[in-house]
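Engineer: One structure is given below, represented as structure tokens, and several questions about it will come after.
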There are 2 protein chains.
Amino acid sequence: MISKELASFIYRTNFSSLPPEVIEYAKLCILDWLGSALAGSDKLPGKILSQLVTKLGGTPQATVLTDGSKNSCLHAALVNGAISHTVELDDVHKGSIFHPAAPIIPAALAAAEMKGAGGKELLTAVVIGYDVGIRIGEAVTPSHYYYWHTTATCGTFGAAAAVGKIVGLTEEQLVHALGNAGTQAAGLWEFIEDGAMTKHLHPGKAAMNGLLAALLAERNFTGAARIIEGRRGFCRATASEYDLEKITDRLGKHYKITETSFKIHASCRHTHQTVDIVLDLMRKYGLSFEEIAKVRVRAYQIALNITDNADPETPYAAKFSTQFCVALAARYGRVGLEEFSEDNLRDPQLREFLSRVEFVTDPDLDSAYPAKWPGRVEIILKDGRKFTGYTDFPKGDPENPVSREELIEKFRQLAGAFLTPSRLEKVITDVLQLEYISDVRKITSGLGSND
Amino acid sequence: MISKELASFIYRTNFSSLPPEVIEYAKLCILDWLGSALAGSDKLPGKILSQLVTKLGGTPQATVLTDGSKNSCLHAALVNGAISHTVELDDVHKGSIFHPAAPIIPAALAAAEMKGAGGKELLTAVVIGYDVGIRIGEAVTPSHYYYWHTTATCGTFGAAAAVGKIVGLTEEQLVHALGNAGTQAAGLWEFIEDGAMTKHLHPGKAAMNGLLAALLAERNFTGAARIIEGRRGFCRATASEYDLEKITDRLGKHYKITETSFKIHASCRHTHQTVDIVLDLMRKYGLSFEEIAKVRVRAYQIALNITDNADPETPYAAKFSTQFCVALAARYGRVGLEEFSEDNLRDPQLREFLSRVEFVTDPDLDSAYPAKWPGRVEIILKDGRKFTGYTDFPKGDPENPVSREELIEKFRQLAGAFLTPSRLEKVITDVLQLEYISDVRKITSGLGSND
């Protein structure tokens, strides 16, 4: 029984059993998540959700990061989950095609605030939540992913597991929490067809539903014991092929959180390997935007399915356009949040450049995916010179890591507009020393209120 | 675009456009729902949810029927949805294998209370919610039903449609409401394997999620426009076969609510045709429990899949045992809530009787299902006499209707323990004259508080 094995893992995993590198990784994940959440906190989806939960009201249990107000843990998880994913800079796990931070950390944090839990408990819960969500995601990927947004569906399991640890569920209650989570798991990819705000609702609802599942289990509300592998359960209902062994393989020995990738560029992950190579070639050879005649980009097929768009009509669509990201990288030497502006979208030189980007599938790269997320780029200058680059992994992957300092700098860029300079540095210090924080509310108090 | 057609239907349907028989049917559905909800209000699933939402807190917008308290409309819908389905006496629509009242009416009522809406608006919203939920259910039945609990999934669409009418969404907003509802639709049948409380969570979450979808759309939170028929939408993701024409066939001309069946017996609907025949034969020929040697029950295959259980171990499981229901009908002349007691479950005479019930599939009955839900019973006495009966439809189906008076009597039995005699009669009068109620809070105020 898989839920029972997962429950046993969740129950017996404690802060003292986590290796130091896992704890370090979890702290970076939390800092990285918080930057994304704050950067998304003044965008429309979060604003709408924030207005709604203010009207619905609730016991002040946890912090809503759009305005620093307190609301029920469910409402805080809903809003904070939604804003985490809005600027597309939250972390991602390749093997499960899953953004773990967005649904899991807001749920764990809301529960931790409600309980007045400390940093060690939050770190342990986040490690556990990532493990459970990612493992179930790996089991059902890729067939599940065609219809179902893994961040929403598997995020629900991860959130329930994390909260189950925070609130101290028994093994039996943890089985119920997973059962009640799995039966709430939802989130269809259909939103991509019209770029609907639903995408941001997904991690918010996953956080909220997973939290609800665990809070019900805490009160002995029973759920299906075989929700994952049962004949009318999650895997059979949502994946034409799945591999249950991935869920329990090296469980408790290898922690999946260390496989998580961080995003440095503010665009879809499938554009990153290309952007990395372009940035690298531009710098290495001192190239300028104006002298480029053509850019030949090769990628795996999925990258083309999702990011081949030579005529993006909105800043949001531009994040899913490899052509536009190449143009930004060549022109500005960075592909951050600010570059996806309306001004840039309508800039004649940038738009003209889009037609210079040739974007095709490469069979070799395609066969390497998804074990690798490789890319190949050739830049051809007007004077005929050619420069080529290749990478197996975009930067931020564990195989091509960013440094702690780069992630801190990313946090400063994302969160800088929402915190005073002293508060900004204090938050960085607190999160990177999270195991010494006795009550997580010391960090969250006032966060998001534009102090 | 199906969501657009549904949105147009929802937008243009008003109380004045509803035929009198549709309004009459809707009033009976609301009365019948309220009886089921009150009867479930003191059971464990509702109690747990009620404790939880009390702790979570919320703006006093709507009535929680477990204790008469006020909470946010989302929380009221969650609890009231869950308790509606607990005693298994809520209504059912055959063609979609869907319990429409449980997810739809609590959502509509919570929104109506929040807005201070009148009876005409509530009736219109309920008719619309039933139509939308049932039609989508019919489109995906039966393939969807194997994994997915239609009451949960299609209930979410129905709840969003009903609330969308109450809060006065535009056609464009209604499309978003359906998009945001469909992407939250969830609920797996796996709970049936262990009889988990999840079953009751499903309509509660459907009511809450549908309400959330509509309240987000009211604030212009956008959802997928083709959530129903899109290539990564609801039908393709959750049904191996589906028929989209069923969603729009005679839309706005024929109202699906009039196809709803009412349940008179407190057991699974698939036992009802059998129970009806047994009760009828017992009465007609003055038979007694003691003189019966054998009961031969014939049914369609699905009835056996779900209700063939000659050894039920809990009162809940007994409701899904045709054998046990036959024993109760033969012994007590009724199969109401009280009959499913622990005492009866352990009664030696009743348990001995279970082995006298032969329960088999009949190919003729099976081929008639689900257009009909037919049954055939032969009672053989110890003296060798035989009595046979047949029905095409269980009592309470539109084709074999119960009377208004029988439904009022059912309400009295279900709600009697939760209301004073004068309040009980007042509620009946108010609901059956709902179009004259200017503010639905006049009915709900204090309901469930055991006044």
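The values are calculated or read from the model by the stated rules, or taken from the named source; none is laboratory data. Every value quoted in this text rests on a predicted model; they were computed, and no experiment measured them. In this analysis, Cβ positions are derived from the backbone assuming ideal geometry, glycine residues included, and neighbour counts consider all displayed protein chains. All accessible areas refer to the heavy atoms of the entire protein, side chains included, with ligands and DNA or RNA removed. Shrake-Rupley method; radii C 1.70, N 1.55, O 1.52, S 1.80 Å.
Engineer: Is it true that A:Glu313 is free of Cβ contacts under 8 Å to residues at least 60 places away in the same chain and in a loop (DSSP other than H, G, I, E, B)?
Structural biologist: Numbers: free of Cβ contacts under 8 Å to residues at least 60 places away in the same chain: yes; in a loop (DSSP other than H, G, I, E, B): yes.
Yes.
Engineer: Examine segment B:284-306 for a residue that is touching a Leu at 6+ places or on another chain (Cβ under 8 Å), within 14 Å of chain A (Cβ to nearest Cβ), free of Cβ contacts under 8 Å to residues at least 12 places away in the same chain and of a type outside the set (D, E, K, R), and state whether such a residue exists. Steps first, please.
Structural biologist: Initial filter on segment B:284-306 (touching a Leu at 6+ places or on another chain (Cβ under 8 Å)): B:287, B:291-293, B:298-300.
Filter once more, so that each one left must be within 14 Å of chain A (Cβ to nearest Cβ): none.
No: segment B:284-306 contains no residue that is touching a Leu at 6+ places or on another chain (Cβ under 8 Å), within 14 Å of chain A (Cβ to nearest Cβ), free of Cβ contacts under 8 Å to residues at least 12 places away in the same chain and of a type outside the set (D, E, K, R).
Engineer: Across segment A:1-17, what is the number of residues that are assigned to a loop (DSSP other than H, G, I, E, B) and open to solvent by less than 10 Å² (accessible area, probe 1.4 Å)?
Structural biologist: To start, the set of residues in segment A:1-17 that are assigned to a loop (DSSP other than H, G, I, E, B) comprises A:1, A:13-14.
Still in the running and open to solvent by less than 10 Å² (accessible area, probe 1.4 Å): A:13.
Qualifying residue count, segment A:1-17: 1.
Engineer: While we're here: If B:Thr66 satisfies all but one of (1) farther than 29 Å from B:Ile227 by Cβ; (2) open to solvent by less than 20 Å² (accessible area, probe 1.4 Å); (3) β-branched (Val, Ile, Thr); (4) more than 12 Å from chain A (Cβ to nearest Cβ), what's the number of the condition it fails?
Structural biologist: Evaluating B:Thr66 over (1) farther than 29 Å from B:Ile227 by Cβ; (2) open to solvent by less than 20 Å² (accessible area, probe 1.4 Å); (3) β-branched (Val, Ile, Thr); (4) more than 12 Å from chain A (Cβ to nearest Cβ) leaves (2) as the failure.
Engineer: Restricting to segment A:427-451, name every residue that is over 23 Å from A:Phe15 (Cβ atoms) and without any contact (Cβ under 8 Å) to a residue 12 or more places away in the chain.
Structural biologist: none
Engineer: So which residues in segment A:167-208 are of a type in the set (Asp, Glu), in contact (Cβ under 8 Å) with a residue 60 or more places away in the chain and within 7 Å of another protein chain (Cβ to nearest Cβ)?
Structural biologist: Step one: of segment A:167-208, the residues of a type in the set (Asp, Glu) are A:171-172, A:190, A:193-194.
Filter once more, so that each one left must be in contact (Cβ under 8 Å) with a residue 60 or more places away in the chain: A:171-172.
Once the filter is applied, which keeps residues that are of a type in the set (Asp, Glu), in contact (Cβ under 8 Å) with a residue 60 or more places away in the chain and within 7 Å of another protein chain (Cβ to nearest Cβ), segment A:167-208 yields nothing.
Results for (1) surrounded by 24 or more Cβ atoms within 10 Å (Cβ to Cβ); (2) in contact (Cβ under 8 Å) with a residue 40 or more places away in the chain; (3) outside the structural domain of A:Gln301 (by TED's automatic domain parsing); (4) more than 18 Å from A:Ala237 (Cβ to Cβ), shown as yes or no for each residue.
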residue: A:Ala110; (1), (2), (3), (4): yes, yes, yes, yes
residue: A:Lys120; (1), (2), (3), (4): no, yes, yes, yes
residue: A:Ile128; (1), (2), (3), (4): yes, yes, yes, yes
residue: A:Gly133; (1), (2), (3), (4): yes, no, yes, no
residue: A:Ile136; (1), (2), (3), (4): yes, yes, yes, no
residue: A:Val140; (1), (2), (3), (4): yes, yes, yes, no
residue: A:His149; (1), (2), (3), (4): yes, yes, yes, no
residue: A:Thr153; (1), (2), (3), (4): yes, yes, yes, no
residue: A:Thr156; (1), (2), (3), (4): yes, yes, yes, no
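Engineer: Moving on to the next point. Given the conditions (1) at pLDDT below 95; (2) under 29 Å from A:Glu425 (Cβ atoms); (3) touching a Pro at 6+ places or on another chain (Cβ under 9 Å), which single one is not true for A:Lys94?
Structural biologist: All conditions are met except number (2).
Engineer: Condition first: part of a loop (DSSP other than H, G, I, E, B) and open to solvent by less than 50 Å² (accessible area, probe 1.4 Å). Now tell me which residues in segment B:281-308 satisfy that. Working first, answer last.
Structural biologist: Our first condition is that a residue be part of a loop (DSSP other than H, G, I, E, B); within segment B:281-308, this holds for B:285-288, B:300, B:308.
Once the filter is applied, which keeps residues that are part of a loop (DSSP other than H, G, I, E, B) and open to solvent by less than 50 Å² (accessible area, probe 1.4 Å), segment B:281-308 yields B:Leu287, B:Ser288, B:Tyr300.
Engineer: From the set of residues in segment B:250-280 that are within 21 Å of B:Leu365 (Cβ to Cβ) and surrounded by fewer than 20 Cβ atoms within 10 Å (Cβ to Cβ), which is nearest to the chain's Cα centre (by Cα)?
Structural biologist: Looking at the filtered set, the residue picked out is B:Cys268.
Engineer: Residue check, A:Phe157 against (1) aromatic (Phe, Trp, Tyr); (2) at the interface with chain B (Cβ under 7 Å from one of its Cβ atoms); (3) out of contact with any strand residue (DSSP E or B) (no Cβ under 8 Å at 6 or more places or on another chain), all met but one. Which one?
Structural biologist: (2)
Engineer: Right, another one. Go through (1) open to solvent by 10 Å² or more (accessible area, probe 1.4 Å); (2) in contact with a Phe, Trp or Tyr (Cβ under 7 Å, 6 or more places away or on another chain); (3) of a type outside the set (Gly, Ala, Ser) for A:Lys47 and report which single condition fails.
Structural biologist: Answer for A:Lys47: the failing condition is (2).
Engineer: Would you be able to tell me the number of residues in segment A:361-420 that are in a loop (DSSP other than H, G, I, E, B) and in contact with a Leu (Cβ under 6 Å, 6 or more places away or on another chain)? Lay out the reasoning, then the answer.
Structural biologist: Just the residues of segment A:361-420 that are in a loop (DSSP other than H, G, I, E, B), to begin with: A:362, A:369-374, A:382-385, A:392-394, A:396, A:398-403, A:419-420.
Retained after the next criterion (residues that are in contact with a Leu (Cβ under 6 Å, 6 or more places away or on another chain)): A:374.
Final tally of qualifying residues: 1.
Engineer: Which residue pairs have Cβ atoms under 8 Å apart, sit 6 or more places apart or on different chains, and have a first residue in segment A:373-384 that is on the phi < 0 side of the Ramachandran plot and among the aromatic types (Phe, Trp, Tyr) and a second that is part of a loop (DSSP other than H, G, I, E, B) and crowded, with 18+ Cβ neighbours inside 10 Å?
Structural biologist: Matching pairs, first to second residue: A:Trp373/A:Lys94; A:Trp373/A:Tyr300; A:Trp373/A:Phe393; A:Trp373/A:Pro394.
Engineer: Out of the residues in segment B:163-205 that are of a type in the set (A, V, I, L, M) and under 24 Å from B:Ala317 (Cβ atoms), which is surrounded by the fewest Cβ atoms within 10 Å (Cβ to Cβ)? Steps first, answer last, please.
Structural biologist: We begin by selecting, within segment B:163-205, every residue of a type in the set (A, V, I, L, M); these are B:163, B:166-167, B:169, B:174-175, B:177-178, B:181, B:185-186, B:188, B:192, B:196-197, B:201.
Keeping just the survivors that are under 24 Å from B:Ala317 (Cβ atoms) gives B:188, B:192, B:196-197, B:201.
Working: B:Leu188: 27, B:Ile192: 16, B:Ala196: 22, B:Met197: 27, B:Leu201: 31.
Checking each candidate, the answer is B:Ile192.
Engineer: For segment B:50-60, how many residues are more than 7 Å from every other protein chain (Cβ to nearest Cβ) and either open to solvent by 70 Å² or more (accessible area, probe 1.4 Å) or out of contact with any strand residue (DSSP E or B) (no Cβ under 7 Å at 6 or more places or on another chain) (or both)?
Structural biologist: Going through segment B:50-60, the residues more than 7 Å from every other protein chain (Cβ to nearest Cβ) turn out to be B:50, B:53-54, B:60.
This time we only want the ones that are either open to solvent by 70 Å² or more (accessible area, probe 1.4 Å) or out of contact with any strand residue (DSSP E or B) (no Cβ under 7 Å at 6 or more places or on another chain) (or both), so: B:54, B:60.
Going through segment B:50-60 one residue at a time, the tally reaches 2.
Engineer: Same structure again: Checking the conditions here, which among A:Leu201, A:Leu216 is over 17 Å from the mean Cα position of the chain (by Cα) and part of a helix (DSSP H, G or I)? Spell out the reasoning first.
Structural biologist: Values: A:Leu201 fails: over 17 Å from the mean Cα position of the chain (by Cα).
Every option except A:Leu216 fails the conditions.
Engineer: May I ask you to list the residues in segment B:96-108 that are within 18 Å of B:Ala161 (Cβ to Cβ) and open to solvent by 10 Å² or more (accessible area, probe 1.4 Å)? Full working, then the answer.
Structural biologist: The first filter runs over segment B:96-108 and keeps only residues within 18 Å of B:Ala161 (Cβ to Cβ), leaving B:96, B:98-108.
Once the filter is applied, which keeps residues that are within 18 Å of B:Ala161 (Cβ to Cβ) and open to solvent by 10 Å² or more (accessible area, probe 1.4 Å), segment B:96-108 yields only B:His99.
Engineer: OK, next. For segment B:69-95, which positions are open to solvent by 10 Å² or more (accessible area, probe 1.4 Å) and assigned to a loop (DSSP other than H, G, I, E, B)?
Structural biologist: Selection gives B:Thr86, B:Lys94, B:Gly95.
Engineer: Still on this structure, I have one more. For the list (1) open to solvent by 50 Å² or more (accessible area, probe 1.4 Å); (2) over 18 Å from the mean Cα position of the chain (by Cα); (3) of a type outside the set (Lys, Arg), I need the number of the one condition that A:Thr322 fails.
Structural biologist: Of everything listed in (1) open to solvent by 50 Å² or more (accessible area, probe 1.4 Å); (2) over 18 Å from the mean Cα position of the chain (by Cα); (3) of a type outside the set (Lys, Arg), A:Thr322 misses just condition (1).
Engineer: Restricting to segment A:221-238, give me the number of residues that are more than 7 Å from every other protein chain (Cβ to nearest Cβ), in contact (Cβ under 8 Å) with a residue 12 or more places away in the chain and either of a type in the set (Ser, Thr, Tyr) or open to solvent by 10 Å² or more (accessible area, probe 1.4 Å) (or both). Walk me through how you get there before you give the answer.
Structural biologist: Taking segment A:221-238 as the starting set, the residues that turn out to be more than 7 Å from every other protein chain (Cβ to nearest Cβ) are A:228-229, A:231, A:235, A:238.
In the following step, the residues that additionally are in contact (Cβ under 8 Å) with a residue 12 or more places away in the chain were identified as A:228-229, A:235, A:238.
Still in the running and either of a type in the set (Ser, Thr, Tyr) or open to solvent by 10 Å² or more (accessible area, probe 1.4 Å) (or both): A:229, A:238.
Total satisfying the criteria: 2.
Engineer: Looking at segment A:22-35, can you tell me whether even one residue there is assigned by TED's automatic domain parsing to the domain that holds A:Asp67, within 30 Å of A:Asn71 (Cα to Cα) and among the basic types (Lys, Arg)?
Structural biologist: Yes - at least one qualifying residue is present in segment A:22-35.
Engineer: Applying the selection to segment A:191-221, what residues are among the hydrophobic types (A, V, I, L, M, F, W, C) and over 22 Å from A:Gln61 (Cα atoms)?
Structural biologist: Applying the first criterion (among the hydrophobic types (A, V, I, L, M, F, W, C)) to segment A:191-221 yields A:191-192, A:196-197, A:201, A:206-208, A:211-217, A:221.
If the condition is that a residue be among the hydrophobic types (A, V, I, L, M, F, W, C) and over 22 Å from A:Gln61 (Cα atoms), then A:Phe191, A:Ile192, A:Ala196, A:Met197 are the ones that fit.
Engineer: Looking for whichever is part of a loop (DSSP other than H, G, I, E, B) and either surrounded by 24 or more Cβ atoms within 10 Å (Cβ to Cβ) or of a type in the set (D, E, K, R) (or both) here; the options are A:Asp42, A:Asp32. Which one fits? Break it down into steps so the answer makes sense when it comes.
Structural biologist: Working: A:Asp32 fails: part of a loop (DSSP other than H, G, I, E, B).
Answer to the check: A:Asp42.
Engineer: Moving on. Give just the number: which of (1) closer than 23 Å to A:Ala7 by Cα; (2) away from chain B (no Cβ under 14 Å); (3) touching a strand residue (DSSP E or B) at 6+ places or on another chain (Cβ under 6 Å) does A:Val92 not satisfy?
Structural biologist: (1)
Engineer: Quick check: anything in segment A:364-379 open to solvent by 90 Å² or more (accessible area, probe 1.4 Å) and more than 27 Å from the chain's Cα centre (by Cα)? Break it down stepwise before answering.
Structural biologist: Here is the first cut: in segment A:364-379, the ones open to solvent by 90 Å² or more (accessible area, probe 1.4 Å) are A:364, A:367, A:376.
Still in the list and also more than 27 Å from the chain's Cα centre (by Cα): A:364.
There is at least one residue in segment A:364-379 that is open to solvent by 90 Å² or more (accessible area, probe 1.4 Å) and more than 27 Å from the chain's Cα centre (by Cα).
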